[in-house]
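The values are calculated or read from the model by the stated rules, or taken from the named source; none is laboratory data. Everything numeric in this text was worked out from a predicted model, so none of it was measured. Backbone-built Cβ (ideal geometry, glycine too); neighbour counts: all protein chains shown.
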Amino acid sequence: MRYTTVAVVLALASVISGCAAMDTLRSDVDAIAALGTTGVQARVVGDGSDRTAVAGYSNIVSLEDVSPDGHFRIGSLTKTMVATVVLMLVGEGRLSIDDTVEQWLPNMLHGNGNDGSSITVRQLLQHTSGIHESPPEMATAEDYYRLRYQVRDPRDTVAAAMRHAPDLAPGAGWSYSNVGYVLLGLIIEQVGNRPWHDEVATRILEPLGLRDTHWPGDAPTLPEPHANGYQQFEVDGPLIDVTELVDADASVGYLSTTADVGTFYRSLLGGQLLRPEELAQMRTTVPVDGVTGLVWPGASYGLGLFSVPLSCGGTYWMHNGGQTGFLTNAGVTDDGTRSAVVSLSAALAVGEDVTRSRGFAQLRAVNELVDRALCEE
């Protein structure tokens, strides 16, 4: 009888704890929506539970509810997938992390002080290559309408960066570079003799059963269900529907769901995709700075992954993705047992006073949700 009573008490405590965690998740999602975010979906998986919460609307005209299983543009979370494929090739001896860009892409990086023989694969992965990063092309609504269906050749993206001097000497500091990951996609194609996204599909998506993760190619639409994406280009300006977009290079290309994204990051940190040697390389970090350091205080960057301090002690691993109209954060505990994924279908303006903007407040609110979800007992 005594043991039965103890079991009942423990089961009741578990239910109460689960309800409290669910209430916290709903509260955090509502707080993000209250900032002006049109739609929010979050999923926390761990300890045998899979909890979702949504807020806002998938369409501000029809006022349809957000689906917890909706597709979205994952933006720079793509970089972690690309980095994983590169490290798989390293583990197979088909590529060295210290190979130069010149070895795989001869004569591609040159002019204006750029030199592919002085930039390594590791530096591309870690954003320490110093390659110039231009401001986003879509800075206004007019830019979006003009460019949204433009198909870009990745070589043209690299050539545009070569028209500028490097932002830093290779290895001299940390400077986020989308162009670096476009180059990694081209290197994967040279090594594997097929498109980079085919390598991602064969090596990651298919083995993990990520059926809701897609490379869209030149298609501008999202699979159903999905929330429409909205971009606020100017502080206090209107939200512009930017759902349709062609932007699928190796720095930002994939579409996915919170369930698939969480599975990928738990599998990666749980050791299911990389050998211990390559996973250790991925988790070897350098400090970040600038606005990134303001958004994630104490963060550092490995090879396709950020390390961020947890308020409850230790660190978690994450990547964020900002692509026109969508913001995504994926965080996972150090051992890969728990993940928190948040997708926002509106990107609010930042403006010149970054830390006082609603766009900055969005990012901090998402960080707080992820931190609480990964710290909960």
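Residues of the stretch 90-137 that are more than 29 Å from residue 273 (Cβ to Cβ), surrounded by 15 or more Cβ atoms within 10 Å (Cβ to Cβ) and among the hydroxyl-bearing types (Ser, Thr, Tyr): 118 alone.
Quick check, is residue 277 farther than 30 Å from residue 155 by Cα and either in contact (Cβ under 8 Å) with a residue 60 or more places away in the chain or among the hydroxyl-bearing types (Ser, Thr, Tyr) (or both)?
Details: farther than 30 Å from residue 155 by Cα: yes; either in contact (Cβ under 8 Å) with a residue 60 or more places away in the chain or among the hydroxyl-bearing types (Ser, Thr, Tyr) (or both): yes.
When the stated conditions are applied, residue 277 passes them.
Looking across the stretch 123-143, the residues that are touching a Gly at 6+ places or on another chain (Cβ under 9 Å) and assigned to a helix (DSSP H, G or I) come down to 123, 124, 125, 126, 141.
Residue 346 meets each of the listed conditions (1) within 27 Å of residue 188 (Cβ to Cβ); (2) more than 13 Å from the chain's Cα centre (by Cα) apart from (1). Taking the residues in the stretch 161-201 that are among the charged types (D, E, K, R) and outside any loop (DSSP other than H, G, I, E, B) as candidates, determine which candidate is surrounded by the fewest Cβ atoms within 10 Å (Cβ to Cβ). Ranking the qualifying residues of the stretch 161-201, first place goes to 198.
Considering the stretch 144-160, the residues that are touching a residue at least 60 places away in the same chain (Cβ under 8 Å) and assigned to a helix (DSSP H, G or I) include one that is nearest to residue 246 (Cα to Cα), namely 144.
For the structure I just gave you, tell me whether residue 25 is at pLDDT 90 or above and out of contact with any Phe, Trp or Tyr (no Cβ under 7 Å at 6 or more places or on another chain). Can you show your working first?
Numbers: at pLDDT 90 or above: yes; out of contact with any Phe, Trp or Tyr (no Cβ under 7 Å at 6 or more places or on another chain): yes.
In short, yes.
The single residue among 244, 206, 224 that is surrounded by fewer than 21 Cβ atoms within 10 Å (Cβ to Cβ), acidic (Asp, Glu) and free of Cβ contacts under 8 Å to residues at least 24 places away in the same chain turns out to be 206.
When you go through 279, 310, 269 one by one, which is the residue that is over 24 Å from residue 70 (Cβ atoms) and in contact with a Cys (Cβ under 7 Å, 6 or more places away or on another chain)? Lay out the reasoning, then the answer.
Details: 279 fails: in contact with a Cys (Cβ under 7 Å, 6 or more places away or on another chain); 269 fails: in contact with a Cys (Cβ under 7 Å, 6 or more places away or on another chain).
The unique qualifying residue is 310.
Within the stretch 247-259, the residues that satisfy the criterion of being surrounded by fewer than 24 Cβ atoms within 10 Å (Cβ to Cβ) and more than 17 Å from residue 178 (Cβ to Cβ) are 255, 259. Evaluating residue 228 against the criteria (1) part of a loop (DSSP other than H, G, I, E, B); (2) touching a helix residue (DSSP H, G or I) at 6+ places or on another chain (Cβ under 6 Å); (3) not small (Gly, Ala, Ser) leaves one unmet condition, (2).
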